[in-house]
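Below is one structure, written out as structure tokens; the observations come after it.
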Amino acid sequence: MKNNTNTITADDNIVISHLTGHLTIGDVDTWYEEFEKVCFGFIDSGRPFRLLMNRNPYTVSDIHVRPYWRQKFFNEKITSSYEAFALVLSDAEIVKAYKENNQYDYVDFFLDYDKAYVWLKNFKRK
């Protein structure tokens with residue numbers, strides 16, 4: 001499984017970030033540098049953005065990678081700045097549990113990357 005740790009911008013306001021493959025803490029650091037740079041490009045200029053985080057498929061090299069990713073990803077400045085957030089995961093049970101417990105209309109969870117992208121592209125705040 002090839003690693004993908006890139007972050008790009010699509011449609012002028014969607015940040016797409018991939019953190020997939022067989023991941024190490026070093027991979028998370030590499031991913032986060034680019035992720036943070038792209039997100040803060042929007043934040044610092046006051047431009048709204050939507051975030052698609054792709055974690056499908058991924059495995060970790062050791063038990064410390066998942067909590068390390070969470071610590072990096074849940075940066076309050078970033079998580080309080082996006083208009084909408086879609087997370088793509090590979091585990092149907094986790095996606096189901098997250099959907100059942102989700103309290104925000106601007107956050108959703110998906111198994112399918114394309115469906116997540118379409119949801120973000122068409123998202124309108126209620």
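The numbers here are math on the coordinates, done by the rules we state, and not lab data. Everything quoted here is computed from the prediction, not taken from an experiment. Every residue, glycine as well, gets a Cβ built from its backbone with ideal geometry; the counts of neighbours run over all protein chains shown.
Overview of results
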| read-out | value |
| --- | --- |
| Computed [θ] at 222 nm, deg cm²/dmol, the chain (DSSP H ≥ 4; -39,500 (n - 2.57); rounded to nearest 500) | -13000 deg cm²/dmol |
| Contact order relative to length of region 7-122, as percent, for alpha carbon pairs under 8 angstrom and 6 or more apart | 27 percent |
| Length released on extending from I63 to T79, taking residue separation times 0.36 nm less the Cα-Cα span | 3.3 nm |
| Size of charge dipole - the chain - debye, nearest 20, with Cβ of Lys, Arg +1 and Asp, Glu -1, no other charges | 300 debye |
| Under 16 Å between alpha carbons - lysine pairs in the chain that sit 8 or more apart or on different chains | 5 |
| Electrostatic dipole magnitude of region 87-126 [Cβ: Lys, Arg +1; Asp, Glu -1; Cα centre; debye, to 20] | 320 debye |
| Distribution of pairwise C-alpha distances over the chain, 10 Å bins, in % | 13, 45, 36, 6, 0 |
| Amide H contacts under 5 Å for H22, placed H, 5+ residues apart | N3, T59 |
| Full-stretch length increase - K124, D11 - with 0.36 nm per residue and alpha-carbon distance subtracted | 39.2 nm |
| In range of the label at N101: residues from region 53-72 whose backbone nitrogen is under 16 Å from the point 7 Å along Cα→Cβ | 67, 70-71 |
| DSSP beta bridge pairing in the chain, given as percent antiparallel to the nearest 5 | 25 percent |
| Positive-end residue of G21, I43, T9, charge dipole of region 1-44 with Cβ unit charges | G21 |
| Förster radius 22 Å - calculated FRET efficiency between D91 and Q71 (Cβ-Cβ, nearest 0.05) | 0.60 |
| Global form of region 41-115, assessed from the alpha-carbon gyration tensor, a/c cut-off 1.5 | oblate |
| Spatial separation of Cα centroids for region 2-69 and region 74-106, in angstrom | 14 Å |
| Selection from H64, A97, F110 lying farthest towards where the dipole of region 7-122 points positive, charges on Cβ | A97 |
